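In what follows, a structure is listed as structure tokens, so that the remarks can point back to it.
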Amino acid sequence: MSGPRSLSTVLILGIPILWVVVFMLLPYGIIVTYSFWVKAYPTFKPAFQFGNYLTLVTDPQYVQVLLRTLKISALVSVLSLLLAYPFAWWLVFRCHNQSLKTWAYMAVIAPLWVSYLLRAYIWKTILGTEGILNSFLMSTGIISEPSSLFLYNQFAMVVTLTYIFIPFMVMPIYTALERIPANLSEASSDLGMAPWQTFLKVTLPLSTPGIAAGFTLTFCLSFGDFIAPFLVGGPDGNLIASVIQSQFGSALNWPLGSALSIVMLVIVLAIVSLSDRIEARANTGAH
Amino acid sequence: MAAIIELQGISKHYSRTIIGVDNVSLSVEDGEFVTLLGPSGCGKSTLLRMIGGFEAPTHGKIRLAGQDVTHVPPYRRDVNMVFQDYALFPHMTVGENIAYGLKMLGKGRDEARRMAAEALEMVGLADKIDQRPMQLSGGQRQRVALARAIVRRPKVLLLDEPLSALDARLRDQMRIEMKHLHEKVGITFIMVTHDQEEALTMSDRVVVMEKGRVAQDGRPQDLYDHPASPYVANFIGTTNFLAARRSGAGVATAAGPLQVEEAVDMPDGAEVTVGFRPEKTRILAPGETAANALPARIAEVIYYGLGLRITVELADGAQVHVDTLLPDTLARSDVPRPGTPVTIAVEPHNIFVFPGKVVV
């Protein structure tokens, strides 16, 4: 290998590798290390023990938060799927007006350009006691005084997170549906299948990679969210990421926070690899 | 024989000005192999899709075996289609693809598989039943698509440019195979193609379409020997056209008078166009005489293996193609040279006469 060539190889490969090592592997390594340390107020001291992990498993408080986070993330994913799939299906198969199609798609994607914080905050103003929903219900006479039922609970969390993350469900499903050749539906119809049968036997199976990708994205993004719980969640809507934040912040228990982070990382990686497998299987067409 | 498909005044208007199919009436008999032939945009595919039920006509009626099916959806029509790029389901095996349409006919799992195996046997792919469409070659996919459509024994099989995605050699082979398949299964075939050779070799009857209308409908040899219009004459095979005027018993072209046999019901002096096939045009041997001899000069000679296509220039400058088979006594050096004066001749019965002046 000649000199300049090897230099460019070093640069092309070296910079991303350096980036990954310094900004990914190193921080993860530090977190893993911390997770085995023990708390020694006001700081922590190095150790190698599994006490932090044991606390997570035995203390019902953490188990409960973890289960709640899983539940809310799953609800957000399912709700996003139920809303996004029909919408994407309509866009791909039923919307024949090109400019309407573009506008409808942009309407879903455009919120991504708005600050995340703003999008979460919007729901505070909609669901709050002084909010739009309460004003509307009072003006129509359905309720006589403002209700505080809408905000600071898991319902508010699911609604807000679904609103924020639904573009990540629409995009992959839209792409998957658009890749299905139109004549496959026609062939199915030609072979005697009614439209709903065609949907179940052709369209749905061929769009599973999109569903898997959308589910993974919305689930993992909800799973790691800590701003929505802070704004609309209240004590009932506390998620694991907010607990981690408080362990590193006010609770000053980095080892426990690190252990929680690692547990979360493992869960997310498990979901990503599962979804990869589903997508690969759908793409190669194997059973 | 009874008509299996009857189209009565079928039109498809996409808008007030964009008309896909314009008042087509057509009757197809049970067991016939009919081809809709025309260039892209002539409405042939739209017509086929309307027979299949994928598009609804704006006007007119479609009858299938005597029943009005104009507004019956595809999944309740007893016709099946072979799609241009086959439309095989990528997430199913070949066997599952073929058995797909059998469940709705009330066939059990085992029977469906047995029927699928039989259909695959018929197209020579018995060993591919458990493979995926992706693992097959283009020609094999085409056969699977055929098997999937005929396994349901529809009243009519629709074929949308079925051979266009195959390479030339395979296409020739599949032409013959499909013709044999048609004879074997006895189902009515309606095919769409833009390839005149395909239409001529495979079908019992060819419907030539032009701008959404039927230009001519007949047996392949009738279309070839008696084209109804310059459009048909030009679309099926090659035709030399010359502008002429009606004169006496024949016509007068700028290059000389021609005798014709076709009855010409036009007054003397009326503008007409004559057409004749390159392969029906001869270059006379020196000293030979014949009817309709015209002096010419060789302009270009193209060698294509089987024979020569010689382009000659008539006295008035009009160019005419002459196709000759290469006699085996003719050495390469005897191939006519550009610039040589020759005499060409066409038998009177080989001349088509069309009214009016034609721009082709």
For this session: Determine, yes or no, whether B:D217 is in the same structural domain as B:D22 (by TED's automatic domain parsing), charged (D, E, K, R) and assigned to a strand (DSSP E or B).
Result: yes
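Would you confirm, using the coordinates I've provided, whether B:D78 is within 23 Å of the chain's Cα centre (by Cα), open to solvent by 10 Å² or more (accessible area, probe 1.4 Å) and either in contact (Cβ under 8 Å) with a residue 40 or more places away in the chain or within 13 Å of chain A (Cβ to nearest Cβ) (or both)?
Numbers: within 23 Å of the chain's Cα centre (by Cα): no; open to solvent by 10 Å² or more (accessible area, probe 1.4 Å): yes; either in contact (Cβ under 8 Å) with a residue 40 or more places away in the chain or within 13 Å of chain A (Cβ to nearest Cβ) (or both): yes.
Criteria not met by B:D78.
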For this session: Note down all Cβ pairs under 6 Å where the first residue falls in segment A:78-89 and is at pLDDT 95 or above, the second is outside any helix (DSSP H, G or I) and open to solvent by less than 40 Å² (accessible area, probe 1.4 Å), and they're at least six residues apart or on different chains.
Result: A:S80/A:I166; A:A84/A:I166
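Checking the condition touching a Pro at 6+ places or on another chain (Cβ under 8 Å), aliphatic (A, V, I, L, M) and open to solvent by 40 Å² or more (accessible area, probe 1.4 Å), which residue from B:I298, B:I302, B:I283 passes?
Working: B:I298 fails: open to solvent by 40 Å² or more (accessible area, probe 1.4 Å); B:I302 fails: touching a Pro at 6+ places or on another chain (Cβ under 8 Å).
Residue meeting the stated conditions: B:I283.
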Problem set entry | Failed item, numbered, when A:V159 is tested on (1) under 30 Å from A:R68 (Cα atoms); (2) open to solvent by 60 Å² or more (accessible area, probe 1.4 Å) | (2)
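Could you run through segment A:21-50 and say how many residues are among the aromatic types (F, W, Y) and part of a helix (DSSP H, G or I)?
Filtering segment A:21-50 for residues among the aromatic types (F, W, Y) gives A:23, A:28, A:34, A:36-37, A:41, A:44, A:48, A:50.
Now drop any that are not part of a helix (DSSP H, G or I), which leaves A:23, A:28, A:34.
Of the residues in that region, 3 qualify.
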Exercise. Going by the structure shown, is B:M209 open to solvent by less than 10 Å² (accessible area, probe 1.4 Å), within 23 Å of B:A168 (Cα to Cα) and at pLDDT 90 or above?
Worked result: no
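Report yes if B:G287 is modelled with pLDDT under 90 and not acidic (D, E), otherwise no. First the steps, then the outcome.
On the way: modelled with pLDDT under 90: yes; not acidic (D, E): yes.
Yes, satisfied.
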Seminar exercise, completed: Counted residues in segment B:27-42 being open to solvent by 10 Å² or more (accessible area, probe 1.4 Å) and assigned to a loop (DSSP other than H, G, I, E, B) come to 6
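Could you please let me know if B:L146 is of a type outside the set (F, W, Y), in contact with a Pro (Cβ under 8 Å, 6 or more places away or on another chain) and within 14 Å of another protein chain (Cβ to nearest Cβ)?
Here the answer is yes, as B:L146 does meet what is asked.
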For this session: Considering every residue within segment B:112-119, establish whether at least one is of a type in the set (K, R) and open to solvent by less than 50 Å² (accessible area, probe 1.4 Å).
Result: no
Exercise. Can you find a residue in segment A:22-33 that is open to solvent by less than 50 Å² (accessible area, probe 1.4 Å) and touching a residue at least 60 places away in the same chain (Cβ under 8 Å)?
Worked result: yes
Exercise. (1) within 30 Å of B:T17 (Cβ to Cβ); (2) buried (at least 17 other Cβ atoms within 10 Å of the Cβ): which one isn't true of B:T253, the others all being true?
Worked result: (1)
For this session: List the number of the failed condition for B:F83; all other conditions in (1) open to solvent by less than 40 Å² (accessible area, probe 1.4 Å); (2) more than 14 Å from every other protein chain (Cβ to nearest Cβ) hold.
Result: (2)
Problem set entry | Unique residue being within 21 Å of A:S258 (Cβ to Cβ) and assigned to a helix (DSSP H, G or I) when the list is A:L7, A:L18, A:L67, A:L11 | A:L67
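Could you tell me which residue of segment A:162-190 is nearest to the other protein chains (Cβ to nearest Cβ), considering only residues that are of a type in the set (V, I, T) and under 15 Å from A:Y85 (Cα atoms)?
A:I180
Test of understanding: among A:L256, A:L221, A:L274, A:L206, which residue is within 14 Å of another protein chain (Cβ to nearest Cβ) and either touching a Lys or Arg at 6+ places or on another chain (Cβ under 8 Å) or among the hydrophobic types (A, V, I, L, M, F, W, C) (or both)? Break it down stepwise before answering.
Working: A:L256 fails: within 14 Å of another protein chain (Cβ to nearest Cβ); A:L221 fails: within 14 Å of another protein chain (Cβ to nearest Cβ); A:L274 fails: within 14 Å of another protein chain (Cβ to nearest Cβ).
Unique residue meeting the criteria: A:L206.
The values are calculated or read from the model by the stated rules, or taken from the named source; none is laboratory data. Computed from a prediction, not measured in an experiment: that's the story for all the values here. We place every Cβ from the backbone using ideal geometry, glycine too, and count neighbours over all the protein chains shown. Side chains included, ligands, DNA and RNA excluded: accessible areas come from the protein's heavy atoms. Shrake-Rupley method; radii C 1.70, N 1.55, O 1.52, S 1.80 Å.
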